[in-house]
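**Q** My questions will all concern the structure given below.
The values are calculated or read from the model by the stated rules, or taken from the named source; none is laboratory data. This one's a predicted model, so the numbers in the text were calculated from it and none came from an experiment. Quick reminder, even Gly has a Cβ in these numbers, built from the backbone with ideal geometry, and neighbours come from all protein chains shown.
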Amino acid sequence: MVAQGTLQDGMDSSASSPAVRTEGLSKRYGRRAAVDGLDLEIPAGTVTGLIGPNGAGKTTTLGMLLGLVRPSSGTGTVLGMPIERPARYLSRVGALIDGPAFYRALSGYENLVALAHAGNHDAAQIPGLLETVGLSGRAHDAYRVYSMGMKQRLALAAALLGDPALVILDEPTNGLDPAGAREMRDLIGSLGRAERTIIISSHLLPEIESICSWLVALDHGRALYQGPVNGFQTGSSAMLLIAPEAAEDLPLLEDLLLEMGLRGHVRGDALEAEVPAEQARSLAAEINRTAMARGCVLVELQIRRRTLEEAYLELVAGASG
Ligand code: ATP
């Protein structure tokens, strides 16, 4: 079953047509379905994360959107144009997929000029793009001396040539060290804006959590979830962590929780209680007020929602179990 989020959290339900829509999109290799009847709707203007385990079908899906892989069945649109006719929309799509091919002897700048000519883009934007991706200082060095991070930045600049309405990035932080990955992530997060949609595939859930507003979770070529990132994470329950100043107040707090219909579990000097996510704030406030009224001072009161990673592991376990 597909968990479907709702348009919320800053999404405008009257927004223009989706950047990507697919219906029953499938790709079979022999008897194996790499993508299996995918119905996607990616709202325009989002930074959308495409997540899923190895072999889930992320690259194949992106390949079909980019006209690199021919679907076995199903249909769809990209920027309002049919995916059967990629030539109609590809000039408005930038992509970083499968490590781009650059000339090793040419500089970053010269490589972008060559790509701009090939794609009929205005070369005047190149200095600005190099600035955006933080390569200005090394723009005239030969590509072959670039570090992995610099190569990825150049690839991102190449994907941004022509100011595309849709940017597709397949594992853009692959091979980068943690600092490089973080810089790349911040950079990508800053590229999203109202008139541009970004789709980024990744294994790294904290990466997706920090920059994406929309999420598509794939498994075995199907969408297990699509909707706002927040909707995916929140789930139905949250944890309250409640620590009294004096450990001997723990039984008093336990009783107080029971009166509210909650069961607290002792964890060191604190109590932990699972609560319905949407009531977490009001319950925390009530616990604080009542504890105070009974002379019990709290030194910690925390609402702990699931991380994207926890939510994801639960979803995948549920789907295969
Ligand atoms: P990863 O995170 O490992 O990159 P992915 O989610 O991008 O994985 P895909 O590369 O789309 O997954 O692969 C989905 C499935 O399709 C896998 O089982 C893969 O082996 C298979 N597949 C992909 N391309 C081909 C191909 N050209 N020929 C045969 N099978 C393929």
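**Q** Any idea which residue in region 173-209 is farthest from Leu66 (Cα to Cα), counting only those that are within 16 Å of the ligand (Cβ to nearest atom) and in contact with a Lys or Arg (Cβ under 8 Å, 6 or more places away or on another chain)?
**A** Per the stated criteria, the residue is Glu207.
**Q** Picking from Leu156, Leu166, which residue would you name as being modelled with pLDDT of 85 or more, crowded, with 20+ Cβ neighbours inside 10 Å, over 14 Å from the mean Cα position of the chain (by Cα) and under 18 Å from Lys58 (Cα atoms)?
**A** That would be Leu166, the only listed residue that is modelled with pLDDT of 85 or more, crowded, with 20+ Cβ neighbours inside 10 Å, over 14 Å from the mean Cα position of the chain (by Cα) and under 18 Å from Lys58 (Cα atoms).
**Q** Moving on. For residues that are of a type outside the set (A, V, I, L, M), within 9 Å of the ligand (Cβ to nearest atom) and outside any loop (DSSP other than H, G, I, E, B), tally how many sit in region 29-41. Break it down stepwise before answering.
**A** To start, the set of residues in region 29-41 that are of a type outside the set (A, V, I, L, M) comprises 29-32, 36-37, 39, 41.
Narrowing the set further to residues that are within 9 Å of the ligand (Cβ to nearest atom) leaves 29-30, 32.
Those left that are additionally outside any loop (DSSP other than H, G, I, E, B): 29, 32.
Selection size over region 29-41: 2.
**Q** Continuing with the same structure: Filter region 90-146 for residues that are touching a Leu at 6+ places or on another chain (Cβ under 6 Å), of a type in the set (Val, Ile, Thr) and free of Cβ contacts under 8 Å to residues at least 60 places away in the same chain and give the result.
**A** Ile126, Val133, listed by residue number.
**Q** Moving on to the next point. What are the residue pairs meeting all of these: first residue in region 50-62, first residue closer than 13 Å to Glu171 by Cβ, second residue within 6 Å of the ligand (Cβ to nearest atom) and in a helix (DSSP H, G or I), Cβ atoms under 8 Å, and 6 or more apart or on different chains?
**A** That search, which allows pairs on different chains as well, returns Leu50/Lys58; Ile51/Lys58; Gly52/Lys58.
**Q** Next question, about the same structure. Being surrounded by fewer than 17 Cβ atoms within 10 Å (Cβ to Cβ) and in contact (Cβ under 8 Å) with a residue 40 or more places away in the chain is the filter here, so list the residues in region 19-49 that pass it.
**A** Glu23, Gly24, Arg28, Gly37, Asp39 - these are the residues of region 19-49 that are surrounded by fewer than 17 Cβ atoms within 10 Å (Cβ to Cβ) and in contact (Cβ under 8 Å) with a residue 40 or more places away in the chain.
**Q** Additional query: Mind checking which helices (runs of 4 or more DSSP H) fall wholly inside region 42-144 and carry at least 3 residues that are away from the ligand (no atom under 16 Å from the Cβ)? Can you show your working first?
**A** Details: elements: 58-65, 108-118, 126-132.
Per the criteria, 108-118, 126-132.
**Q** Let me ask something else. Given the conditions (1) in contact (Cβ under 8 Å) with a residue 24 or more places away in the chain; (2) within 16 Å of the ligand (Cβ to nearest atom); (3) part of a loop (DSSP other than H, G, I, E, B), and given that Val216 satisfies all but one, which numbered condition is not satisfied?
**A** It is condition (3) that Val216 fails.
**Q** Mind telling me which of the residues Glu254, Glu278, Glu272, Glu248 ends up being in contact (Cβ under 8 Å) with a residue 12 or more places away in the chain and assigned to a helix (DSSP H, G or I)? Explain how you work it out, then say what you get.
**A** Details: Glu278 fails: in contact (Cβ under 8 Å) with a residue 12 or more places away in the chain; Glu272 fails: assigned to a helix (DSSP H, G or I); Glu248 fails: in contact (Cβ under 8 Å) with a residue 12 or more places away in the chain.
The match here is Glu254.
**Q** Further question: Looking for something surrounded by fewer than 16 Cβ atoms within 10 Å (Cβ to Cβ), in contact with a Phe, Trp or Tyr (Cβ under 6 Å, 6 or more places away or on another chain) and over 28 Å from Gly45 (Cβ atoms) - is there at least one such residue anywhere in region 84-105?
**A** Checked region 84-105: at least one residue is surrounded by fewer than 16 Cβ atoms within 10 Å (Cβ to Cβ), in contact with a Phe, Trp or Tyr (Cβ under 6 Å, 6 or more places away or on another chain) and over 28 Å from Gly45 (Cβ atoms).
**Q** Would you pick out the residues in region 151-180 that are in contact (Cβ under 8 Å) with a residue 24 or more places away in the chain and in a loop (DSSP other than H, G, I, E, B)?
**A** Listed by number, the residues that qualify are Leu160, Leu161, Gly162, Asp163, Pro164, Ala165, Glu171, Pro172, Thr173, Gly175, Leu176, Asp177.
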